[in-house]
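Trainee: Dropping a structure here in structure tokens format, bear with me for questions.
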Amino acid sequence: MKIYSAHGISEFVICLGYKGYMVKEYFANYYLHTCDVTFDMTRNAMEVHQSVTEPWRVTWSTPGEATMTGGRLKRVLGFVGEEDFCLATEMPSPTSTSRRSCASTPPKAPWPP
């Protein structure tokens, strides 16, 4: 996400699967992970000294572990709306697409294999 953020992308819709709750818990505490903080146990208080957080807006969707890619996309299209979006899978390279071209056919494989 930091790589995408460096290129101006700051809104993310993430489809979670197996152990997605761990990802949600990590990001629920992300602010705390990225700042200098003092805990005063006697007063039950927390003081944040310095915070360096990313300007992200992240929506988490849990469509179910057995849901395939097409089902996951269909479920999150409501979060995307009519805007163009970037689709990335577990692979490190993203595929740029738009809502209108989402159903395009993949390029044919070169022959011979």
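Trainee: Conditions: (1) under 26 Å from ASP84 (Cβ atoms); (2) in contact (Cβ under 8 Å) with a residue 12 or more places away in the chain; (3) assigned to a loop (DSSP other than H, G, I, E, B). GLY8 meets all but one. Number of the miss?
Mentor: Condition not satisfied by GLY8: (2).
Trainee: Please state which of the following conditions SER96 fails to meet, knowing it meets all the rest: (1) under 21 Å from LEU16 (Cα atoms); (2) in contact with a Cys (Cβ under 6 Å, 6 or more places away or on another chain); (3) modelled with pLDDT of 85 or more.
Mentor: Condition (3) is where SER96 drops out.
Trainee: Please determine whether any residue of the stretch 57-74 is in contact with a Leu (Cβ under 8 Å, 6 or more places away or on another chain) and among the hydroxyl-bearing types (Ser, Thr, Tyr).
Mentor: Yes: one or more hits.
Trainee: Only one of THR42, THR53 is in a loop (DSSP other than H, G, I, E, B), at pLDDT 85 or above, among the β-branched types (Val, Ile, Thr) and surrounded by fewer than 13 Cβ atoms within 10 Å (Cβ to Cβ); which?
Mentor: It is THR42.
Trainee: Mind checking which residues of the stretch 56-90 are at pLDDT 75 or above, farther than 19 Å from GLY8 by Cα, within 15 Å of the chain's Cα centre (by Cα) and not in a helix (DSSP H, G or I)?
Mentor: Result: TRP60, SER61, THR62, PRO63.
The values are calculated or read from the model by the stated rules, or taken from the named source; none is laboratory data. Computed from a prediction, not measured in an experiment: that's the story for all the values here. We place every Cβ from the backbone using ideal geometry, glycine too, and count neighbours over all the protein chains shown.
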